[in-house]
Amino acid sequence: MHKSTAWPLAALYAALVVYASLFPFVEWRDQGIASWEFLLAPTPRYWTGFDVAVNVAGYVPLGGLVALSALRSGWRRSSVWWAPVGVMLLSLCMEGLQSYLPSRVPSREDFLLNAAGAWVGALAAFVLQKAGAIDRWNQLRSRWFVPHSRGGIVLLSTWPVGLLFPASVPLGLGQVVTRLEALLQSYVEDSSFEAWLPVRDTELLPLAPGTELLCVALGLLIPCLLGFCVVRPVWRRMVVVGVTTGSAILVSALSAALSWGPLHAWAWLDVPAQIGLFTGASLALLFVFASWRASAALALLSLGVYLSLLNQAPESPYFAQTLLLWEQGRFIRFNGLAQWVGWLWPYVASVYLLGQIGRRDAKN
């Protein structure tokens, strides 16, 4: 029996909604107003289409995923409508908690728009289930993927999301060491533990073109090998390589367009990136005949090399300036989703692959 991917995706999305709603998690204090007072506030005079669209669209996937999870778990159809109610309660809690954050402004209108998005998502899930689309997806999944492939499917479906956040190296996910060092240093500064921190002897140097090429190639090869763990037939693995390569190119272009403008959508596709993409796709096609266990082992090895090289790359001034736009501008609504997926994806994939290699059932 296949386990539904809807529940883990819903849980992940809910966690990212909490992050985006309460960012930056600093200067919590009681401002002398009740947490529910925003419900009685006057109607704001100014609206923007962007805010309306984002508040509705941001909760449509969550409402749909929670409702779909309920349907896949055997709930009665009449009970499924409690799913968007739960999402509404989450939105209400987030708006109430924003009352304790001076940098955030709770809004009744945001709550109502979020609720509308949750109901739209739940209705869409119900219509899709009624039309038989969910059953057809189950049949397609049974043909394409092995049993117990939920973790692999979730990782493959979230990988393009991580690429939306601007990276200093194309397809560079998991570059967290520099930030972790800075965060740890800020916590132990002026304490007896400060001397325990390792100190870099030299500044990080930009990656050589050959090293960047290798990072791009491994960044494409790793999700392909992950796909080979849950897809068996050779011709379907070739489709996985094609879809993964196309997704990498299109999503990276979209990320560049969001960060630097549509005119610079292809600025990231320099010669090392082009050769790296070709090399990664060629290696993936070479490994389509490998067993699923060998694919998992190769993916783990690739992840080790990839993360080691990538975390030796410094942040360029242009990249740092782009992060300020994402973290302080209105891209903050996407920041929680893309940034955390981009940071954590390689490490979660490593844990998943270790579990796959440790399985005794060769049929997975």
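A short reminder: the numbers here are calculations on the coordinates, not readings from a lab. The shown structure was predicted, so the numbers you read here are calculated from the model rather than taken from an experiment. Virtual Cβ from ideal backbone geometry, glycine too; neighbours counted across all protein chains shown.
Karplus-derived 3J(HN,Hα) values for the range 27-42, using 6.51 cos²θ - 1.76 cosθ + 1.60 with θ = phi - 60°, are 6, 5, 6, 7, 8, x, 10, 5, 5, 9, 5, 4, 5, 9, 6, x Hz; glycine and proline are entered as x.
Distance between the modelled labels on residue 130 and residue 82, one decimal in nanometres: 2.1 nm (7 Å Cα→Cβ projection). Taken along the Cα-to-beta-carbon direction at a fixed 7 Å, the label points for residue 269 and residue 254 span 1.6 nm. At full extension, residue 178 and residue 301 could sit 42.1 nm farther apart than now, given 0.36 nm per residue minus the alpha carbon distance. Each label point was placed 7 Å from the Cα along the Cα-to-Cβ direction; for residue 348 and residue 27 their separation is 3.1 nm. Along the range 287-301 the Karplus relation, 6.51 cos²θ - 1.76 cosθ + 1.60 evaluated at θ = phi - 60°, assigns HN-Hα couplings of 9, 5, 8, 6, 5, 5, 5, 5, 4, 5, 5, 5, 5, 5, 4 Hz to successive residues, with x for each Gly and Pro. Here the Karplus relation 6.51 cos²θ - 1.76 cosθ + 1.60, evaluated at θ = phi - 60°, turns the backbone of the range 247-263 into coupling constants of 5, 4, 5, 5, 5, 5, 5, 5, 4, 5, 5, 5, 7, 10, x, x, 5 Hz, with x for every Gly and Pro.
On the basis of the beta-carbon distance and an R0 of 22 Å, residue 234 and residue 142 show a calculated FRET efficiency of 0.75.
Other residues with beta-carbon under 13 Å from the beta-carbon of residue 243 carry, at +1 per Lys or Arg and -1 per Asp or Glu, a net charge of +2.
Sorted ascending by nearby beta carbons within 10 Å, beginning with the fewest, 236, 108, 143 become 143, 236, 108.
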